[in-house]
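Shown next, in structure tokens, is the structure this report addresses.
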Amino acid sequence: TGSTCYDVYVRDSCATTMSPWFGPFTFCTACDPVVSPVFEGFENAATGSSTNPSQPDCWGYWENPAATTSCYGYTYASATPIGTKHFRIYNYYSATDTVALISPGISDLTQGNKLIKFYAKSGTTTYSTPVIVGTTPTQGDLRNATIIDTIQSDFGAAYNTEFTVYLDTASGYN
């Protein structure tokens, strides 16, 4: 079953007597792909911090291990565009400081009639920051990602724009 965690115990039975049980060793199965439409308001995700990404269940989080300055992301319960929480991504604006929030797999994405809508804003009042939207065949790995669009976020105190990116054949989803 997808998104299920199990505790496993092991012991040695090769000797003339049984060893004591060792464990538990916990592992979780991968999440099953979801069927659209998908809505994530981050309301059920735990609030995190700069050292605790706290992404929603079945969502992936990736932070470039080669980052040279501070970057992080986490579920945040302040200054939200809708509801009481959102996912905050902080990047010191360095080319190597990449942070990604990756949705669960979407099983009917190949129908070519999907889109993603979101709000984004820069933490500064003087300039916007780029938000890259893409797809990846592997949730925890961006090496084979396809960039679909780059959005220039709003800047200032408010989330003023709902951005829309189409995930269709013309945009190059994978």
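The values are calculated or read from the model by the stated rules, or taken from the named source; none is laboratory data. A quick note: this is a predicted structure, and the numbers were derived from the prediction, not measured. Note that we place each Cβ from the backbone using ideal geometry, even for glycine, and neighbour counts take in every protein chain shown. Just so you know, the surface numbers come from the protein's heavy atoms only, side chains and all, with ligands and any DNA or RNA stripped out. Shrake-Rupley method; radii C 1.70, N 1.55, O 1.52, S 1.80 Å.
General observations
- For the range 50-75, taking the residues that are within 22 Å of Gly156 (Cα to Cα) and either open to solvent by 70 Å² or more (accessible area, probe 1.4 Å) or assigned to a loop (DSSP other than H, G, I, E, B) (or both), the one that is modelled with the highest pLDDT is identified as Ser50.
- Tabulated pairs, the range 1-29, first under 30 Å from Asp57 (Cα atoms) and outside any loop (DSSP other than H, G, I, E, B), second at pLDDT below 85 and open to solvent by less than 70 Å² (accessible area, probe 1.4 Å), C-beta under 8 angstrom, 6+ apart or interchain: Cys28/Ser3
- Scanning the range 108-138 for residues that are open to solvent by less than 70 Å² (accessible area, probe 1.4 Å) and either at pLDDT 80 or above or touching a Ser or Thr at 6+ places or on another chain (Cβ under 9 Å) (or both) yields a total of 17.
- Residue match in the range 33-44 (condition: surrounded by 17 or more Cβ atoms within 10 Å (Cβ to Cβ) and either polar (S, T, N, Q) or at positive phi (or both)): yes
- Filter result for Val99 (hydrophobic (A, V, I, L, M, F, W, C), at pLDDT below 85 and within 26 Å of Pro33 (Cβ to Cβ)): yes
- Being at pLDDT below 85 and assigned to a strand (DSSP E or B) is a property that does not hold for Tyr93.
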